[in-house]
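The values are calculated or read from the model by the stated rules, or taken from the named source; none is laboratory data. These figures come from a predicted structure and were not determined experimentally. Glycine also receives a Cβ, built like all others from the backbone with ideal geometry; neighbour counts cover every protein chain displayed.
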Amino acid sequence: MVALLVLGLPFVAACGSPKVKGYAIGEGADLAGANLVIADLAAANLAGANLVGADLLSADLTGADLTGANLTDADLTAANLTGADLTGADLFGADLSRADLTSADLTGADLTGANLFDADLLGADLAGADLFANFTMADLSGANLFDANLTGANLAGATLTNANLADANLADTHLVLAGFYSADIEDANLAGANLEAANLRNANLNGANLAGANLKYANLADANLADANLTDANLTDANLTGANLTGADLAGADLTNIKWDETTTDTDGWLK
């Protein structure tokens, strides 16, 4: 049996599959419960693989193909998934805390119940993904969350600078202290969301649904709220300096101590 070295992985000619820690690595591989702690799986083909309950703590999955893989309850704490393809992957209940998902493709992935505490998702593509997960302190700057389902998710303290959240469902999400500077949140559903002290400066909320949302102490300076639904929203002590409220509906909203000036566009006189 001749052992060859392919991409830094021992390759066994007899079976045609690279092996890591004794596990055969390849498309559709059965790695349920496997111990792959600190494993080098960079550029590995794990499309459709079964990684249920696998331990991938601090593993290197840079550029790996995990399309359609089942990572239910897998431990990916501090794993490097930079540029990995997780299209359609099942990450239900997975632990991705402190993981690096920079530029990863998570289109259509299921992250229900996943833990992404302090994870780095800079430039990641999460379009159409199901994201009822913990994103506390996560960095989603520039991420594509178009039409993503974040209903009830926890994004407290998360950074979403320049993120695309157009048409996303953020109903009842926890967004306290989250940063949405210059984010595109057009036509998104934020009904009942908790945005207390969130930074929405220069964000595009055109046509967004913020009915019943908590925007207490929120920074909405220079934000575009044209045609937004802010009925029954709590805007106590919010900053609306330079905001565009053209066509917005603020019926029943709490406007106690809001900050606004001549740069605020209020054609319907809600702030008068």
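Descriptive notes on the structure:
- Where a residue in the range 95-106 is under 7 Å from Thr77 (Cβ atoms) and at pLDDT 95 or above and its partner, wherever it lies, is in a strand (DSSP E or B) and not polar (S, T, N, Q), with Cβ under 7 Å and at least six apart: Asp95/Asp75
- Residue count for the range 220-243 under the criterion of being in contact with a Phe, Trp or Tyr (Cβ under 9 Å, 6 or more places away or on another chain) and among the polar types (S, T, N, Q): the result is 3.
- A single entry from Thr236, Thr256, Thr231, Thr264 fulfils the requirement of being in contact with a Lys or Arg (Cβ under 6 Å, 6 or more places away or on another chain) and hydroxyl-bearing (Ser, Thr, Tyr): Thr236.
- Residue within the range 16-39 that is in a loop (DSSP other than H, G, I, E, B) and among the hydroxyl-bearing types (Ser, Thr, Tyr) present: no
- Residue match in the range 128-136 (condition: at pLDDT 95 or above, on the phi > 0 side of the Ramachandran plot and part of a loop (DSSP other than H, G, I, E, B)): no
- With respect to being in contact with a Phe, Trp or Tyr (Cβ under 7 Å, 6 or more places away or on another chain) and either among the charged types (D, E, K, R) or at pLDDT below 95 (or both), Leu31 falls outside the description.
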